[in-house]
Amino acid sequence: MSDTASTPDAMPSAAPDADWTTGQPALLYEACAACGQRSYFRRGFCPRCGASPVAVLVSARRGTVYAVTTVVRAPSPEWKALAPYALLLVDLDEGPRVMTHGAAGLAIGDRVQIGFLPLGEHLVPRAEPLAELPADEPRASS
Ligand SMILES: [Zn+2]
């Protein structure tokens, strides 16, 4: 889970409390400078070593599907309009595992980009398939 080399897109958040839970299209996580632990749930301290404070970073919102479930009985009228829908656990490239709404047809191991779906007065994270081209290969033209 700990990788320190593949996070070029992580950057300090200008407004560390502004994420999708407050209506901003961002996904934040905490990173511990002392032990390297990265956590999605924000506590203000490291759940592994107890260090505080921890840095709040903005995720690039790319990752790999860890688990998929289909929700048939939705919890509210807004969600009922979407049912049945996929609920995913996604391992972000930065390390933390997050729960998101998912596009239909996603499976374990698929690469995804997480965007945001307006739902009622809120935003919810939603994963879409990520089409990645191999590095240093020109796009095929046919
Ligand atoms: Zn730590």
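The values are calculated or read from the model by the stated rules, or taken from the named source; none is laboratory data. For clarity, every value in this text was computed on a predicted model and none was experimentally measured. No Cβ is skipped: glycine too gets one built from the backbone with ideal geometry, and neighbour counts run over all protein chains shown.
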(request) Could you grab the pairs with beta carbons closer than 6 Å, sequence gap of 6+ or different chains, first residue in region 105-127 and closer than 20 Å to residue 94 by Cα and in contact (Cβ under 8 Å) with a residue 60 or more places away in the chain, second one surrounded by 16 or more Cβ atoms within 10 Å (Cβ to Cβ) and of a type in the set (Lys, Arg)? (result) 114/61; 115/126
(message) Need a quick list: strands (runs of 3 or more DSSP E) entirely within region 18-125 having at least 2 residues that are away from the ligand (no atom under 16 Å from the Cβ) and out of contact with any strand residue (DSSP E or B) (no Cβ under 6 Å at 6 or more places or on another chain).
(response) 111-119
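Residue-wise test of (1) within 14 Å of the chain's Cα centre (by Cα); (2) over 29 Å from residue 121 (Cβ atoms); (3) at pLDDT 95 or above; (4) not charged (D, E, K, R).
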site: 11; (1), (2), (3), (4): no, no, no, yes
site: 15; (1), (2), (3), (4): no, no, no, yes
site: 22; (1), (2), (3), (4): no, no, no, yes
site: 34; (1), (2), (3), (4): no, yes, yes, yes
site: 62; (1), (2), (3), (4): yes, no, yes, no
site: 82; (1), (2), (3), (4): no, no, no, yes
site: 87; (1), (2), (3), (4): yes, no, yes, yes
site: 92; (1), (2), (3), (4): yes, no, yes, yes
(request) Output the residue which, of all residues in region 75-129 that are among the basic types (Lys, Arg) and farther than 18 Å from residue 20 by Cα, is surrounded by the fewest Cβ atoms within 10 Å (Cβ to Cβ). (result) 80
(request) Kindly provide the set of residues from region 45-75 that are in contact (Cβ under 8 Å) with a residue 12 or more places away in the chain and small (Gly, Ala, Ser), ordered by number. (result) 51, 55, 59, 60, 63, 67
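Would you check which residues across region 46-70 are of a type in the set (A, V, I, L, M, F, W, C) and loosely packed, with under 15 Cβ neighbours inside 10 Å and list them?
Listed by number, the residues that qualify are 49, 51, 55, 67.
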